[in-house]
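The values are calculated or read from the model by the stated rules, or taken from the named source; none is laboratory data. Keep in mind that this is a model prediction, so the values were computed, not measured. Using ideal geometry, Cβ is built from the backbone for each residue, glycine included, and neighbour counts are taken over all protein chains shown. Note: accessible area is taken over every heavy atom of the protein model, side chains too, but ligands, DNA and RNA are not part of it. Shrake-Rupley method; radii C 1.70, N 1.55, O 1.52, S 1.80 Å.
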Amino acid sequence: QVQLVESGGGLVQAGGSLRLSCAASGRTFSSYAMGWFRQAPGKEREFVAAISWSGGTTYYAESVKGRFTISRDNAKKTVYLQMNSLKPEDTAVYYCAANRSLSTVVAVGGSWGQGTQVTVSS
């Protein structure tokens, strides 16, 4: 089992940056692929970024490619999402997820955290 807690959300102006963190607990964190998803009011939850168990492979939604970077520190059992050049359309609750493979976490997420609010003003 893995438990996930997101942090780092807040209010930022368009063009600014935020770094989200997702802290995990559990015995097998380093074996999980990790991902970030987001959900805006009235919209479905959508995939943002994912990273393999080793950190060697990453995958991004087209809407954030070149602006967001996912990384992980297995020693700290933490996954990060560095968000640069933020746009108002990035406003959403951001969730992290854990699953057994990169393809699976991209497709369906997995075990979820409770989310952290990101608001980007114009």
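For the range 89-108, a residue qualifies if it is open to solvent by 10 Å² or more (accessible area, probe 1.4 Å), closer than 14 Å to VAL64 by Cβ and not β-branched (Val, Ile, Thr), and exactly one does: GLU89. Going by the conditions given, is LEU11 open to solvent by less than 50 Å² (accessible area, probe 1.4 Å) and in contact (Cβ under 8 Å) with a residue 12 or more places away in the chain? When the stated conditions are applied, LEU11 does not pass them. Test SER63 against the stated conditions and say whether it is modelled with pLDDT of 95 or more, polar (S, T, N, Q) and outside any strand (DSSP E or B). Spelling it out, SER63 is indeed modelled with pLDDT of 95 or more, polar (S, T, N, Q) and outside any strand (DSSP E or B).
Once the range 17-32 is narrowed to residues that are assigned to a loop (DSSP other than H, G, I, E, B) and within 17 Å of TYR80 (Cβ to Cβ), the residue that is most open to solvent (accessible area, probe 1.4 Å) is SER17.
Comparison of ALA97, ALA92, ALA75 shows that the only residue that is hydrophobic (A, V, I, L, M, F, W, C) and more than 20 Å from GLN3 (Cα to Cα) is ALA92. If you go through the range 73-122 and keep only what is outside any helix (DSSP H, G or I) and of a type in the set (Asp, Glu), you end up with just ASP73. None of ALA14, ALA40, ALA92 is in contact with a Pro (Cβ under 8 Å, 6 or more places away or on another chain) and within 21 Å of SER122 (Cβ to Cβ) except ALA14. Filtering GLY35, GLY55 for residues that are open to solvent by less than 70 Å² (accessible area, probe 1.4 Å), assigned to a loop (DSSP other than H, G, I, E, B) and not hydrophobic (A, V, I, L, M, F, W, C) leaves a single hit, GLY55.
Condition test on ARG45, is it of a type in the set (D, E, K, R), touching a strand residue (DSSP E or B) at 6+ places or on another chain (Cβ under 7 Å) and either touching a residue at least 40 places away in the same chain (Cβ under 8 Å) or more than 16 Å from VAL2 (Cα to Cα) (or both)? For ARG45, the condition - of a type in the set (D, E, K, R), touching a strand residue (DSSP E or B) at 6+ places or on another chain (Cβ under 7 Å) and either touching a residue at least 40 places away in the same chain (Cβ under 8 Å) or more than 16 Å from VAL2 (Cα to Cα) (or both) - is met. Kindly indicate which of SER52, SER85, SER71 is touching a residue at least 24 places away in the same chain (Cβ under 8 Å) and at negative phi. On inspection, the qualifying residue turns out to be SER52.
Count of the range 38-52 residues, restricted to those that are polar (S, T, N, Q) and either open to solvent by 40 Å² or more (accessible area, probe 1.4 Å) or not in a loop (DSSP other than H, G, I, E, B) (or both), is 1.
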